[in-house]
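K.L.:
Here it is, the structure in full.
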Amino acid sequence: MQNSRETKSVGRRQLLGSAVALVAIPSWVAMLGGCAQTAMRMQSPEALEEAVADVDLVRSMTVPFGVHPLRVDAVGLVIELPGTGSDPPLGPGRAAMIEEIQRRGVPNPDQFLSSPRTSLVKVRGLLPPGIQKGDPIDVEVLVPKKSKTTSLANGTLLEVRLREYVRLGGRYREGHVSAVAKGRLLVDPVPDKKRNPESQLRGVVLGGAVATKSRPLGLTLRPASQGVQNSRRIGDAINQRFFVKSQGRTVPVATPKSDEYIELRVHPRYKNNIRRYFEVIRSVAVSENDRQRHARIRLLERQLQDSISASTAALRLEAIGDEAIETLKKGLASNNVEVRFYASESLAYLDDPDAAATLAQVARDEPAFRARALAALGVMDSPEAYDSLVSLLDAASAEARYGAFHALWKANSRHPLVRGDDLDGQLNMHVVRSTGPAMVHVTRAKRPEVVVFGSNVSFVTPMVLEAGRTIMINGTEDGRVRLTRFSARHENQAIETTNRVDDVIRGIISLGGTYPDVVDALSQAKASRALSCRFEVDAVAQEGRAYQRNPIMANPAESGLDYGTDSRRTSSRLRPVDWPGGEDSGRVRGY
């Protein structure tokens, strides 16, 4: 009996010892893991590069497909001109238009075409990468060189089919119809047309063309990398980082179609920035183990602190995903504007709210980064990003103010702050509460839109303005405005309103005016000082502006920081990294 009890006691002690050992194992593993992480951080840049030397990025094996805008053209006809058109000279353009007019069943096509109320024009548009069937685009309308047309103002473009033309064998060959365009023309709003008559020979139809087919996006494998296995490996690597939701299902963005082509879906966060989408996708590692990824993050952390390599490092950290967020946040603490910007930009596309404050400051103060900062704020879905955009509505920069409005409108066009009113389908009228200087903004791209910054922006009276050919605007000293529409066929119409800019615009539309009429009136008002506030046309921030770096910080040797063996240096002008192709091998060594 005692032996039995001793046996059981020994068994219990052994079991307890085993349990203690099992409990102790994770702590030792954790300690070893912590030591490994510490050792990784203490490694030299050369050692880190050696650890990840065999890691290939997607860009080393592929080239983007479908990333360039596709130009489409046509010969068109503008009608309803006030006697400023002309009879086109003999040639292929006239012959094509005669054929088109006959197809529409118009009698006496020669007589119709020779009327001074019509003009033969060139129509062209750009289909952006990733455009889907049914998406609208702007089209540009130009008077041919030999034409005697004097103005396209107040004209309307008849429906025309746009195609891609390719030069083959010394001849231009036409492709399939890619878009259909029509609509009212907006010519450049120049107050003194006599000084710049050429401005009246070109115009744009905002959102006037509709794509008739979608443009595919994808990656083509480089010849040395072509193969079913590589195509599948690349697709798997991309899908581990990106996926989309469709009808409640998780759908991969990359679909290998053959041994040399991978089709791509656009992730919603990048739908308005296809260029960046490809840059990030091509920065994804094709295959790497945990040790290599940790080493690569440590290497990128060093490179992020150098203004020269910060752009590339941030993109590659963004391509890693959520695991790289804490590393990117270290860039927000940098004293260097470029480092802070590139880190915050990548954090925005990872939807981290900590990026918002830095991006707002950059959009307000740094013209070179403004366009990208506003775009990054626009993709975020957080209260911090919303508050930052609202604060920019009061900025001194017209680009920052309108850019913030546009980003807010794209994020939620029904929000009361930016919703505005649709005026009879002619234009969208927005009055935005703002404590900044009063400003009126109009566009010549994408959609007819007037944005008034300030709640009580008014014309200076007395004044006399014209809105197109048929509407006269008279402002009296007491601040009342009378709008009269003259007609040769019908009785004249007249209304009265206040001198507030938005009220006058509503009056123009109620009398049958159009967006070009409104822009014409505003342009005249600014020229005659009847509009005392700022008047802007397309105050849109542009990429590609030069940023002047601090010469000390541009030299790592003088900064006292160790950035590794990277010796590549770029100019201060911003430009995409390795886009759209390039000879860089895509390996981690030598970022």
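K.L.:
Multiply the residue separation of Asp421 and Lys148 by 0.36 nm, subtract the distance between their alpha-carbon atoms, and state the gained length in nm to one decimal. All intermediate terms of the calculation are to be shown ahead of the outcome.
P.N.:
Values: separation 273, 0.36 × 273 = 98.28 nm, distance 3.95 nm.
Between Asp421 and Lys148, full extension yields an extra 94.3 nm.
K.L.:
Find, to one decimal place in angstroms, the Kirkwood hydrodynamic radius of the stretch 290-397, where the mean of 1/r is taken over every pair of different Cα atoms and then inverted. Don't skip to the answer; put the middle values down first.
P.N.:
On the way: mean 1/r = 0.0732 Å⁻¹.
Taking the inverse mean of 1/r over all distinct Cα pairs, the stretch 290-397 comes out at 13.7 Å.
K.L.:
Sticking with this structure for a sec: Counting Lys +1, Arg +1, Asp -1, Glu -1, what net charge surrounds Val450 among other residues with beta carbon under 15 Å of its beta carbon? Don't skip to the answer; put the middle values down first.
P.N.:
Working: positive: Arg401, Arg419, Arg444, Lys446, Arg447, Arg500, Arg506, Lys526, Arg534; negative: Asp421, Asp422, Asp424, Glu449, Asp502, Asp503, Asp517, Asp520, Glu536, Asp538.
It works out to a net charge of -1.
K.L.:
Next question. Report the charge-dipole magnitude of the stretch 351-407 in Debye, nearest 20, computed about the Cα centre from +1 at each Lys and Arg Cβ and -1 at each Asp and Glu Cβ.
P.N.:
On the way: 4 positive and 10 negative charges, 64 e Å.
The calculation lands at about 300 debye.
K.L.:
Please order His430, His415, His490 by the number of other Cβ within 10 Å, starting at the fewest.
P.N.:
Details: His430 19, His415 11, His490 8.
With the sparsest Cβ surroundings first, the list reads His490, His415, His430.
K.L.:
Only four residue types carry charge here, +1 at the Cβ of Lys and Arg and -1 at the Cβ of Asp and Glu. Report the dipole size of the stretch 345-481 about the Cα centre in Debye, rounded to the nearest 20.
P.N.:
Numbers: 13 positive and 18 negative charges, 97 e Å.
I would put it at about 460 debye.
K.L.:
Going toward the positive end of the dipole of the stretch 290-397, with +1 on Lys and Arg Cβ and -1 on Asp and Glu Cβ, which of Ser334, Ala368, Ala310 do you reach last?
P.N.:
Ala310
K.L.:
Then there is this: When we measure straight from the Cα of Lys410, which aspartates and glutamates land under 17 angstrom away, once same-chain ones fewer than 8 places off are left out?
P.N.:
Asp135, Asp351, Asp381, Glu384, Asp387, Glu399, Asp421, Asp422, Glu449, Asp538
K.L.:
Rule-of-thumb check for the stretch 383-451: C-alpha Rg over 2.2 N^0.38 Å? The partial results should precede the final answer.
P.N.:
Details: Rg = 11.6 Å, N = 69, 2.2 N^0.38 = 11.0 Å.
Computed over Cα atoms of the stretch 383-451, the ratio equals 1.06.
K.L.:
A follow-up question, please. Take the alpha carbon gyration tensor of the stretch 70-211, find the square roots of its eigenvalues, order them as a ≥ b ≥ c, and report rounded if a/c is under 1.5; if not, report prolate when a/b exceeds b/c, else oblate.
P.N.:
On the way: a/c = 1.63, a/b = 1.20, b/c = 1.36.
It comes out oblate by the Cα gyration axes.
K.L.:
Fully extended, how many nm does the chain gain between Arg549 and Asn412 (0.36 nm per residue separation, minus their Cα-Cα distance)?
P.N.:
Numbers: separation 137, 0.36 × 137 = 49.32 nm, distance 3.63 nm.
Taking Arg549 through Asn412 to full extension adds about 45.7 nm, to one decimal.
K.L.:
With only Lys, Arg, Asp and Glu charged, each at its Cβ (+1 for the first two, -1 for the last two), find how big the charge dipole of the stretch 70-211 is about the Cα centre; round to the nearest 20 debye.
P.N.:
Details: 22 positive and 15 negative charges, 62 e Å.
Roughly 300 debye, rounded to the nearest 20.
K.L.:
Among Met463, Met380, rank each residue by its count of other Cβ atoms within 10 Å, from fewest to most, as a rough exposure measure. Could the numbers behind the result be given before it?
P.N.:
Values: Met463 19, Met380 25.
By the 10 Å Cβ count, ascending, the order reads Met463, Met380.
K.L.:
Can I ask one more? Could you list, in their original order, any pairs among Lys146/Lys182; Lys329/Lys446; Lys122/Lys257; Lys122/Lys446; Lys133/Lys329; Lys257/Lys446 whose Cα atoms are separated by more than 30 Å? Intermediate values should be presented prior to the final figure.
P.N.:
Details: Lys146/Lys182 23 Å; Lys329/Lys446 35 Å; Lys122/Lys257 38 Å; Lys122/Lys446 19 Å; Lys133/Lys329 39 Å; Lys257/Lys446 34 Å.
Pairs exceeding the cut-off: Lys329/Lys446; Lys122/Lys257; Lys133/Lys329; Lys257/Lys446.
K.L.:
Here is a further query. If amide hydrogens are placed 1.01 Å from N in the peptide plane, which non-local residues have theirs closer than 5 Å to the one on Asp188?
P.N.:
Under 5 Å from the amide H of Asp188: Arg202.
Every number here is computed from the coordinates shown, using simple stated rules; none is lab data. In this text the structure is predicted, and so the values were computed from the model without any measurement. Here Cβ is always computed from backbone atoms with ideal geometry, including for glycine, and neighbour counts include all displayed protein chains.
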